[in-house]
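Okay, structure first, notes after.
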Amino acid sequence: MQRLTFETLVREGRSNDEAVRGQYAEAVDIARRFADRPEGWLLLTGPHGAGKTHLAAAIANRVIERGDPALFLTVADLLDHLRASYDEDAELDYDALLDQVRSAPVLVLDDLDAYAETPWAREKFFQVVSYRFSAGLPTVFTMVRPVTEIDARLGSRLADPALSQVVELAGGENTPRYTHIGAMTRERLATFSFAKFIPDGIGLKGEPRKSLEGAFRRAVQWSREPDGWIVFIGGNGCGKTHLAAAIANERLAAGDRVAFANVADLLDELRAAFAPDAPRRYEQVFRALVEAPVLVLDDLGAQKSSPWAEEKLYQLLNHRHLARLHTVVTTNKKLSELETRIASRLADREVSEVYEITAPDFRTLKG
């Protein structure tokens with residue numbers, strides 16, 4: 001996050017809309033004043049890509065530059081750290097970690113939308129918020145949803161006019177509607193539709209045909225009313241990627257922003273992003289996928305596995321799992337063959353639907 005400073009942001013944002021530019025410039029001024037004299041709470045709300053995280057990180061960096069301590073955490077990472085602190089070999093035990101977070105002189109909590117995974121997560125997060133509310137400790141929050149859409153117990157504190165200033169940001173018009181990592185360009189994506197999914201006369205019958213048609217019907221429904229995650233499992237050429245791409249096309253037509261990433265290509269790009277001359281830095285690539293309203297992860301499990309690769313995929317999927325962000329996954333592996341933490345999230349019935357396609361490779365079938 002060291003790159004995300006007031007010096008590296010565009011003060012009026014990148015929108016073509018004059019009103020949006022003026023709104024963003026005002027938000028920058030508010031954030032600067034808070035960074036120079038942290039008092040009370042600052043809540044930054046707005047859609048993905050509006051610039052909330054950059055502003056929040058710029059505040060933390062300005063505080064640190066001045067020689068004062070600041071702590072920046074995504075809410076998903078905070079909850080992960082609290083869970084891990086129960087382990088005997090944890091660097092900080094639970095009580096010490098909780099005290100460090102809730103007592104930080106300046107705390108930035110990014111992506112508040114990820115806090116409500118479980119009753120345990122809600123309660124632990126509320127403990128942090130309640131402590132800092134009672135103590136009046138300087139805190140910055142970012143979130144996509146308006147305060148009125150979260151539970152009243154938390155919302156009443158976040159919106160308390162005696163302590164908190166709420167700044168609403170509009171989306172930037174120049175945020176791309178479609179991003180891709182790998183060969184699925186926008187032009188190629190457009191060639192995949194539901195109408196072209198099952199070729200006539202392929203002679204597919206029985207269970208393979210039934211599994212294919214079942215996955216097709218649910219994909220069509222999900223594309224119209226996305227709900228959680230949808231996972232397609234099957235061999236090469238069985239139609240998984242076609243269904244995922246068709247879903248992506250439907251969501252683009254509905255006005256969503258969509259990211260499509262081949263997993264092997266994604267890991268290559270993340271590695272390359274660490275190079276000094278990389279066109280996009282690691283945090284830019286990763287955050288674009290973490291925050292995408294709709295993400296397609298194609299061919300999970302086909303990548304060369306390593307502890308680093310598994311950890312990055314876990315971080316991405318865990319964040320989206322916590323935030324309940326719409327995600328489409330294709331894989332030719334059984335869930336039991338995937339890394340345990342990743343498999344458990346793909347199999348979570350409260351979030352994810354799994355469809356196994358037993359059809360053979362279309363390219364081997366003759367009409």
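Brief remarks follow.
- Test for Arg11: is it farther than 18 Å from Gly136 by Cα and open to solvent by 40 Å² or more (accessible area, probe 1.4 Å): yes
- All told, Val290 falls short of being open to solvent by 50 Å² or more (accessible area, probe 1.4 Å), β-branched (Val, Ile, Thr) and in contact (Cβ under 8 Å) with a residue 12 or more places away in the chain.
- Evaluating Ala76 against the criteria (1) in contact with a His (Cβ under 9 Å, 6 or more places away or on another chain); (2) open to solvent by 10 Å² or more (accessible area, probe 1.4 Å); (3) within 30 Å of Pro176 (Cα to Cα) leaves one unmet condition, (2).
- Only one of Phe216, Phe192, Phe141 that is touching a His at 6+ places or on another chain (Cβ under 8 Å), modelled with pLDDT of 90 or more and either surrounded by 12 or more Cβ atoms within 10 Å (Cβ to Cβ) or part of a loop (DSSP other than H, G, I, E, B) (or both): Phe192
- Any chance Ala261 is surrounded by fewer than 19 Cβ atoms within 10 Å (Cβ to Cβ) and either assigned to a helix (DSSP H, G or I) or of a type outside the set (Lys, Arg) (or both): no
- Every residue from region 273-286 that is open to solvent by 10 Å² or more (accessible area, probe 1.4 Å) and farther than 26 Å from Lys333 by Cα: Phe274, Ala275, Pro276, Asp277, Ala278, Pro279, Arg280, Arg281, Tyr282, Glu283, Gln284
- Among the residues examined, Asp99 qualifies as farther than 28 Å from Phe286 by Cα, open to solvent by 30 Å² or more (accessible area, probe 1.4 Å) and without any contact (Cβ under 8 Å) to a residue 12 or more places away in the chain.
- Of all the residues in region 130-170, those that are among the β-branched types (Val, Ile, Thr) and farther than 23 Å from His54 by Cβ number 1.
- Output for region 300-334, where each listed residue is in a loop (DSSP other than H, G, I, E, B), touching a residue at least 40 places away in the same chain (Cβ under 8 Å) and within 14 Å of the chain's Cα centre (by Cα): Arg324
Condition check ((1) of a type outside the set (Asp, Glu); (2) more than 29 Å from Leu97 (Cβ to Cβ); (3) under 22 Å from the mean Cα position of the chain (by Cα)) across all residues:
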{"position": "Leu137", "(1), (2), (3)": "yes, no, no"}
{"position": "Thr142", "(1), (2), (3)": "yes, no, yes"}
{"position": "Val147", "(1), (2), (3)": "yes, no, yes"}
{"position": "Asp151", "(1), (2), (3)": "no, no, yes"}
{"position": "Arg157", "(1), (2), (3)": "yes, no, no"}
{"position": "Asp160", "(1), (2), (3)": "no, no, no"}
{"position": "Thr179", "(1), (2), (3)": "yes, yes, yes"}
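- From the options Pro119, Pro38, Pro47, Pro69, residue that is within 29 Å of Val258 (Cβ to Cβ) and open to solvent by 20 Å² or more (accessible area, probe 1.4 Å): Pro47
The values are calculated or read from the model by the stated rules, or taken from the named source; none is laboratory data. From a predicted model like this one, the values you see are computed outputs, not experimental measurements. Don't worry about glycine lacking a Cβ; one is built from the backbone with ideal geometry, like all the others, and counts go over all protein chains shown. For the accessible areas, the whole protein counts, side chains as well, though only heavy atoms, and no ligand, DNA or RNA atoms are used. Shrake-Rupley method; radii C 1.70, N 1.55, O 1.52, S 1.80 Å.
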